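Here the structure comes first, spelled out in structure tokens, and everything after it is commentary.
None of the figures in this text is laboratory data; all of them are computed from the coordinates on show. All values reported here derive from a predicted model rather than from experimental measurement. Cβ atoms come from the backbone with ideal geometry, glycine included; neighbour counts cover every protein chain shown.
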Amino acid sequence: MLKEIYRCVDQYGAIQVLDDGAKRYLAFGNDHEQSCQIKASPHIPQHEYSRAIMLVLLFCRPQSVCVLGLGGGTSVMAFMHALPQCSVSAVELRPQVVKIAHHYFQLPKHPQLLIHEADAKDFLTQGSQGYDVLVADLYHHHGIDEFQLQIAFIEHCVRRINHGGWLVLNYWLDHELPDNLLSLLDHHFAQLFVCNSGGGNWIIYAGKTAAEGDFLAKTRVKPLAKTLGFSLNYYLKRLKILSSS
């Protein structure tokens, strides 16, 4: 039985932690789960879109990852688990969400992990550090952060991605992306993929260089799947080349 075990309200609205015994959920006062976690394996993403995001690790071998939008921290923990030597950063607007991720969702305080309590727009525009993988997962109680749908957002992301790096964008299926945004992605990136995650989201992967040639090889896919704790075949079958034309 699902039970609310914690609730608070900040300037952006309600934040809830729900628990059914085996799983724990983060919600922002509505019917949409922001995070879902099996408590016995907190590093394994449970949402389809969260699992699809991890396909980026087939395309490159990052030394630095930044996730815009912390939530319960499941994606951050998945990257940390899969890449023990990698530097992982997260950007979260709401300080209470950071505290909840540590207290209720087993997000570790670790030298490998750096959390920025900041607005993603300020973080992107005011900083200069580059990343090998930049994941955009900016959602509020009402849905996607409109900044993630803007041309300026893509341009700022491009500046913060290292040569050979990848941008990963999480959108709801009902988001009609402007043609000029897709054209901008096509202009700045050498390779574009899209995956309909099957859970109401589509994930765009944009690489400054093409994916490594063996990214579909069993010798690459199976070890990563074993490390992540779930099969990648479902998502690879739904992966397509994206063109803005």
Original post:
Restricting attention to the stretch 1-39, which chymotrypsin sites (Phe, Trp or Tyr not before Pro) occupy a DSSP loop and are surrounded by at most 16 other Cβ atoms within 10 Å?
Top reply: TYR12
Original post:
Ranked from highest to lowest mean number of other Cβ atoms within 10 Å per residue, what is the order of the peptides 180-186, 133-139?
Top reply: 133-139, 180-186
Subject >> Normalised per residue, the volume of the convex hull around the Cα set of the stretch 42-241 (Å³) >> reply: 111 Å³
Subject >> Share, in percent, of DSSP beta bridges within the chain that are antiparallel, nearest 5 >> reply: 65 percent
Original post:
Which Cα, out of ILE151, GLN126, HIS110, lies furthest along the positive dipole direction of the stretch 32-170 (beta carbon charges, K/R +1, D/E -1)?
Top reply: HIS110
Subject >> Distance (nanometres) between label positions extended 7 Å along Cα→Cβ at LEU236 and THR219 >> reply: 1.4 nm
Original post:
What angle do you read, to the nearest 10 degrees and between 0 and 90, between the alpha-carbon axis of helix 218-228 and the longest principal axis of the chain?
Top reply: 20 degrees
Original post:
What is the gain in length, in nm to one decimal, between PHE147 and LEU2 on full extension, counting 0.36 nm per residue of separation less the C-alpha to C-alpha distance?
Top reply: 48.9 nm
**OP:** Within the stretch 78-135, report the trypsin sites (Lys or Arg not before Pro) that DSSP leaves as loop and that have at most 16 other Cβ atoms within 10 Å.
**Re:** LYS109
Subject >> Förster radius 35 Å - calculated FRET efficiency between GLN191 and GLU117 (Cβ-Cβ, nearest 0.05) >> reply: 0.60
**OP:** Enumerate lysine pairs in the chain that are 8 or more residues apart or on different chains, then count those whose Cα atoms are under 26 Å apart.
**Re:** 27
